[in-house]
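> Take a look at the following structure, please.
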Amino acid sequence: MTMKILVLTKAVPEMDSRFKPADDAARYDEAGLSFRPNEYDLYAMEQALRVREDLGEAAITVVSVGPPRVEAQLRRVLGMGGDYGVIIDDSDDPAPDALSIASLIGAWAGDKDFDLILCGVMSEDMQRSQTGPALAETLGIPSVTTAVSLSAMEGGKFFRCERELEGGVRERFQVRAPALFAVQSGINSPRYPSLSNVLRVKRMEIPRVPAGSLGAKRPPGAEIKVLEPRREGKCEFLEGGLEEIADALIERMREVVPSL
């Protein structure tokens, strides 16, 4: 039986862009931003390709949640060697949280019987690191985060992986399929899309699934406001000899900490 692999990807703004809050203060304003695939998801896609190469056969599907504009970034990831692409169109929800995104993907993927789900450890724009584990919980499958190595065993019945901990320590796991892994940067070196794959993907039909058709309810949660940091403070230059500057500095410090 051919293994079925699902890769999650997200379109994120170029990180050197100037971000500003949107009018609703629940997200950043996308006006004037240019988008690209989330870098961590490229590692996930590369790992899916390597698992397929090790097994000799596997079908790789790439899914992205977002408005129609995410299609270009989805095709970029598919060009690395994916077989199928799907867009879950959530245009009616401009500021979905991680659990809402996981609920949508879970509602769509629930009956697809994927053996392996791969995603980046986090998105570069929001850096929540929550969508992957939330999706695994939604589907009722095990998950491992910050994976820095991954290989299939016994024809894909099990996966062996290592995850990165603080201080250079690593944990080793053997996980039964189906399972989800959120991969860390450094697990591999993502390949460039080949010309043949780019041309193939250019002709590929990418279905769009309306989020409202999936029956997934947005989970309740606290709304987070996006605000620009306030710039405040003052600067004072101390002049004089070393002893005078030292005495003046101590006085300024005592204004903040009287016990000095």
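> Treat every Asp and Glu Cβ in the chain as -1 and every Lys and Arg Cβ as +1, leave all other atoms uncharged, and give the resulting dipole magnitude about the Cα centre to the nearest 20 debye.
For this selection, approximately 1200 debye.
> When ligands, DNA and RNA are left out and all protein chains stay put, how many square angstrom of accessible area per residue does the chain have with a 1.4 Å probe? Please report the intermediate quantities before stating the final value.
On the way: 15150 Å² over 260 residues.
Dividing the accessible area of the chain by its residue count gives 58 Å².
> Got a number for carbon plus sulfur as a percent of the stretch 155-196's accessible area, 1.4 Å probe?
47
> What is the distance, in nm, between label points placed 7 Å from the Cα along the Cα-to-Cβ direction at T2 and at E243?
Result for the modelled spin labels: 8.6 nm.
> Sort I5, I101, I245 by heavy-atom solvent-accessible area, probe 1.4 angstrom, most to least.
Heavy-atom accessible area, descending, gives I245, I101, I5.
> In the stretch 37-119, with Lys and Arg counted as +1 and Asp and Glu as -1 at Cβ, which of these residues, S103, L118, G79, has the Cα nearest the positive end of the dipole, that is, farthest along it?
Among S103, L118, G79, the one farthest towards the positive end of the dipole of the stretch 37-119 is G79.
> So for the stretch 107-260, averaging the separation of alpha carbon pairs under 8 Å that are six or more residues apart and normalising by length, what relative contact order in percent results?
20
> Helix-only mean residue ellipticity at 222 nm, the chain, DSSP H runs n ≥ 4 weighted -39,500 (n - 2.57), per residue, nearest 500. What is it?
Per the formula, -8500 deg cm²/dmol.
> Among rounded, prolate and oblate, which fits the stretch 1-54 when a ≥ b ≥ c are the square roots of the eigenvalues of its C-alpha gyration tensor, a/c under 1.5 means rounded, and a/b larger than b/c means prolate?
prolate
> Still on this model: Could you work out the Rg to Rh ratio of the stretch 111-260, with Rh taken as the Kirkwood radius (inverse of the mean 1/r over all Cα pairs)?
Rg divided by Rh gives 1.23.
> With every protein chain present, what accessible area does S189 have (1.4 Å probe, heavy atoms only), rounded to the nearest 10 Å²?
Solvent-accessible area, nearest 10 Å²: 90 Å².
> Continuing with the same structure: Which of the lysines could a cross-linker span from K112 if the Cα-Cα distance has to be under 18 Å and same-chain partners fewer than 8 positions apart are dropped?
Straight-distance partners of K112: K4, K157.
> I'd like the FRET efficiency for Y84 and Q127, computed as 1/(1 + (r/R0)^6) with the beta carbon distance as r and R0 of 41 Å, rounded to 0.05.
The computed FRET efficiency comes out at 0.90.
> Need the full-extension length gain, L195 to V256, defined as separation in residues times 0.36 nm minus the C-alpha distance. One decimal, nm.
The span from L195 to V256 would gain 15.6 nm if fully extended.
> If packing is taken as the average number of other Cβ atoms within 10 Å across a peptide's residues, how do 60-71, 134-145, 114-125 rank, most packed first? Walk me through the numbers before you get to the answer.
Values: 60-71: 20.8, 134-145: 18.9, 114-125: 23.8.
Top to bottom by mean Cβ count within 10 Å: 114-125, 60-71, 134-145.
> Treat every Asp and Glu Cβ in the stretch 32-111 as -1 and every Lys and Arg Cβ as +1, leave all other atoms uncharged, and give the resulting dipole magnitude about the Cα centre to the nearest 20 debye.
300
> The stretch 136-214 to the stretch 234-253: how many Å between their Cα centroids?
56
> Could the peptides 172-180, 39-47, 249-257 be put in order, highest first, of the mean number of other beta-carbon atoms found within 10 Å of their residues?
Final packing ranking: 39-47, 172-180, 249-257.
The values are calculated or read from the model by the stated rules, or taken from the named source; none is laboratory data. Only a predicted model underlies this, so the values are computations on that prediction, with no experimental measurement involved. We place every Cβ from the backbone using ideal geometry, glycine too, and count neighbours over all the protein chains shown. SASA here: full protein model, heavy atoms, side chains in, ligands and nucleic acids out. Shrake-Rupley method; radii C 1.70, N 1.55, O 1.52, S 1.80 Å.
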